[in-house]
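Here is the structure we will look at, set down as structure tokens.
The values are calculated or read from the model by the stated rules, or taken from the named source; none is laboratory data. What you see is a predicted model; the values in this text were computed from it and never measured. Backbone-built Cβ (ideal geometry, glycine too); neighbour counts: all protein chains shown.
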Amino acid sequence: MYKNLAGRSGVVLAAAAVAQFLFALDMSVVNVALPAVRVALGFAPLGLSWVVHAYALTFGGFLLLGGRACDLYGRRRMIVLGLAVFGLCSLAGGLAQAPWQLIAARAGQGLGAAAAAPAALSLLTTTFGEGPRRVRALGVWSAVNVAGGALGVLAGGLLTEYAGWRWVMLVNLPLVAAALALVAAGVPAGDRLAGRERLDAPGAVLATGGIGLLVFGVVRTGTHGWESAATWGTLAAAVVLLAAFVLVESRTAAPLLRLGLLRSRWVAGANALVFLAAAGQFAAFYFVSLYMQQVLGMSAAAAGAAFLPFSTSAVAGTAAATRLATVRGPRAALVPGALLATAGLAWFAFISPDGGFLTDVLGPSAVTGAGLGLVLGPVAAAATTGVVPGEAGMASGLLNSSRQLGGCVGLAVLATVSAHRTGTAADAASLGDGYALGLAVTACLFLLAAVVAICVLPRHRAVTAVSHPLTSTGNRLEGTPS
């Protein structure tokens, strides 16, 4: 299926895929190790969650900035810088001797990922022109993204149980080295915008602050609750900053995020869809993992291995989506994929405290994974359809921000919904009931994603880019791959 992705463009694809696998892996690999981390470093119960939240906060908060920076300063520069920071912080985290050191390292990993992830995706959209080759390339990128998130649970369990928790951080180092070697081998250096356009500093401050406060407010609901004045105060401040960001972007000549980009039904629809899909995906991973460990009594390693059917079907779904989208366009895979994921998660909602892996997990995992693969396979192609090369990083940063924010908000909200159903009870029946409700709501999110795909995404494949004077195809891009 990917025989046409050869030569230098194949090296670019490999570099982007390894980088994305690394960042997706790191979203989930640490979760299973948290109990061991707490014992080893002496974390307070409330402080332990910041091992996860510090990464989500900086990754989500700086994605728009990272996306625009790679347009202005060069994709190769930003991916090398981001990977280097990510690798150094992974080493620091693996050697951490105190809680604050590990939290700081995780925050640094998020910064590195925010710089490199949009650059990796925009490398693909500028290397592969719109059409079958781009769809195939983004299909590979999406497959490793899905596989990285799912395999992170397996890797976290195996590494924690057999090598020690520090290896959930140190395992990143060979992946960083491989990605940097591929970048050096195949990514051209001069891929920045010609001219003297500067980074939109006011927009960068407002976007980073607004998104950061939004993520911060949401993740703190685990300790303060949704009814807390601190939670609503933080969220209100985030809304004010983001509203100011929209106002600034509408008036500046060189915006961090050109608002006209959102007039494209492909861009707007794909970002709304990926927000909903990420909210459902993150929450589903969370509930199914807890169900297997806390209700079925499986070990961390066994629970991680139980995600293999999900990973396999997700990769298969991504491959099928790539073939379908190549012939009929992204919408043809997104609609059935969202409906298939809805069916799989609705099946998951029937989990039982007296169930087992074969009866309650295997079947719905295969169906949900296939649906998720069909959704995530072509969504990047949809989100970058009609986007001019000079705004590829901008569109990539927006897509990654939508995914990160969707996962963060969805997990926080659905965890609260599940906990409300469970109450103070800790028995298997009550926990299972709460997880089942959470999975039922995730099914509703994917059903809403299907509605977005049907109503917002255009039926036709061809679109005309809404160009900008400074980034239209009529203005030269230095070193942009053809």
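List of remarks:
- One residue from G47, G93, G60 being over 30 Å from S299 (Cβ atoms) and in the same structural domain as Y162 (by TED's automatic domain parsing): G60
- Hey, G152 out of contact with any Pro (no Cβ under 9 Å at 6 or more places or on another chain) and buried (at least 24 other Cβ atoms within 10 Å of the Cβ) or not: yes
- For the stretch 156-177, the count of residues that are farther than 30 Å from A303 by Cβ and free of Cβ contacts under 8 Å to residues at least 12 places away in the same chain is zero.
- Candidates A270, A305 - the one that is under 20 Å from G344 (Cβ atoms) and either among the basic types (K, R) or touching a residue at least 40 places away in the same chain (Cβ under 8 Å) (or both): A305
- Residue in the stretch 173-186 that is under 30 Å from A314 (Cα atoms), of a type outside the set (A, V, I, L, M), crowded, with 22+ Cβ neighbours inside 10 Å and assigned by TED's automatic domain parsing to the domain that holds V37 present: no
- Among residues of the stretch 125-145 that are assigned by TED's automatic domain parsing to the domain that holds A319, those with a beta-carbon under 9 Å from a residue that is surrounded by fewer than 22 Cβ atoms within 10 Å (Cβ to Cβ) and of a type in the set (F, W, Y) at least six positions away or on a different chain give the pairs R136/Y2; A137/Y2; G139/Y2; V140/Y2.
- Screening the stretch 7-107 for helices (runs of 4 or more DSSP H) wholly inside it with 1 or more residues that are free of Cβ contacts under 8 Å to residues at least 12 places away in the same chain, of a type in the set (A, V, I, L, M, F, W, C) and closer than 29 Å to F307 by Cα returns the ranges 34-41.
- Hey, G432 in a helix (DSSP H, G or I) and either of a type in the set (F, W, Y) or at negative phi (or both) or not: yes
- Selected residue (criterion: farthest from L376 (Cα to Cα)) from residues of the stretch 286-310 that are out of contact with any Gly (no Cβ under 7 Å at 6 or more places or on another chain) and either buried (at least 21 other Cβ atoms within 10 Å of the Cβ) or not assigned by TED's automatic domain parsing to the domain that holds D433 (or both): M292
- Residue match in the stretch 261-275 (condition: part of a loop (DSSP other than H, G, I, E, B), in contact with a Leu (Cβ under 8 Å, 6 or more places away or on another chain), under 17 Å from V388 (Cα atoms) and of a type outside the set (G, A, S)): no
- Among the residues making up the stretch 352-374, those that are surrounded by fewer than 23 Cβ atoms within 10 Å (Cβ to Cβ) and in contact (Cβ under 8 Å) with a residue 12 or more places away in the chain are S352, P353, G355, G356, F357, L362, G363, A366, V367.
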